[in-house]
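Colleague: Below: one structure in structure tokens.
The values are calculated or read from the model by the stated rules, or taken from the named source; none is laboratory data. Everything numeric in this text was worked out from a predicted model, so none of it was measured. Every residue, glycine as well, gets a Cβ built from its backbone with ideal geometry; the counts of neighbours run over all protein chains shown. For accessibility, only protein heavy atoms count, side chains too; no ligands or nucleic acids. Shrake-Rupley method; radii C 1.70, N 1.55, O 1.52, S 1.80 Å.
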Amino acid sequence: QVQLVESGGGLVQAGGSLTLSCAASGSTFSSAAMGWFRQAPGKERAFVAAVGWSGGMRTYADSVKGRFAISRDNAKNTVSLEMNSLKPEDTAVYYCAAARSTNFLSTGRADHWGQGTQVTVSS
């Protein structure tokens, strides 16, 4: 069992940066793929980024490639999402997720979810 708690959300101007963090508890964190999803108002939750258990494999949604970077620290049981060049369309609730593989995450699925943190990008 993995429990996930996100932090770092907030209000930022377009073009700015923000880093989200996710603290995980549970003995299976180091073997789980981790990822981030987001849900904008009136839209379905969508995949953003994922990282494999060792940190070596990373995958991103096309909409954030080159702007966002996902990383993990297995010693601290944390996963982060560095977001740069933010756009108003990045406004959403961002969710941390854990799953059996990065492929599982990139197809929109997860085994465990956090509660979410709000990111608002003003124009």
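Colleague: If you plug each phi of the range 14-24 into the Karplus form 6.51 cos²θ - 1.76 cosθ + 1.60 with θ = phi - 60°, what whole-Hz ³J(HN,Hα) values come out, in order, with x for Gly and Pro?
Modeller: 4, x, x, 10, 7, 10, 9, 10, 9, 9, 10
Colleague: Any chance you could run the full-extension gain for Arg58 through Ala40? It's 0.36 nm times the residue separation minus the Cα-Cα distance, nm to one decimal.
Modeller: Working: separation 18, 0.36 × 18 = 6.48 nm, distance 2.30 nm.
So the extension gain works out to 4.2 nm.
Colleague: A further question on this structure: Accessible area per residue, 1.4 Å probe, Å², for the range 41-101: what's the number? Could the numbers behind the result be given before it?
Modeller: Values: 3180 Å² over 61 residues.
Value for the range 41-101: 52 Å² per residue.
Colleague: Pop the C-beta distance of Thr120 and Asp73 into the FRET formula with R0 = 25 Å and round what comes out to the nearest 0.05.
Modeller: Details: r = 27 Å, r/R0 = 1.06.
My answer for the efficiency is 0.40.
Colleague: Quick one: if you stick a label point 7 Å off each Cα along the C-beta vector at Ser25 and Trp113, how many nm between them?
Modeller: For the pair Ser25/Trp113, the computed spacing is 2.1 nm.
Colleague: List the lysines whose Cα sits under 16 Å from the Cα of Lys65, skipping any in the same chain fewer than 8 residues away.
Modeller: Lys87
Colleague: Now for a separate question. For the range 18-90, what D do you get in µm² per second when you plug the Kirkwood radius from alpha-carbon pairs into Stokes-Einstein at 10 °C and 1.306 mPa s?
Modeller: Values: Rh = 12.8 Å.
The calculation lands on 124 µm²/s.
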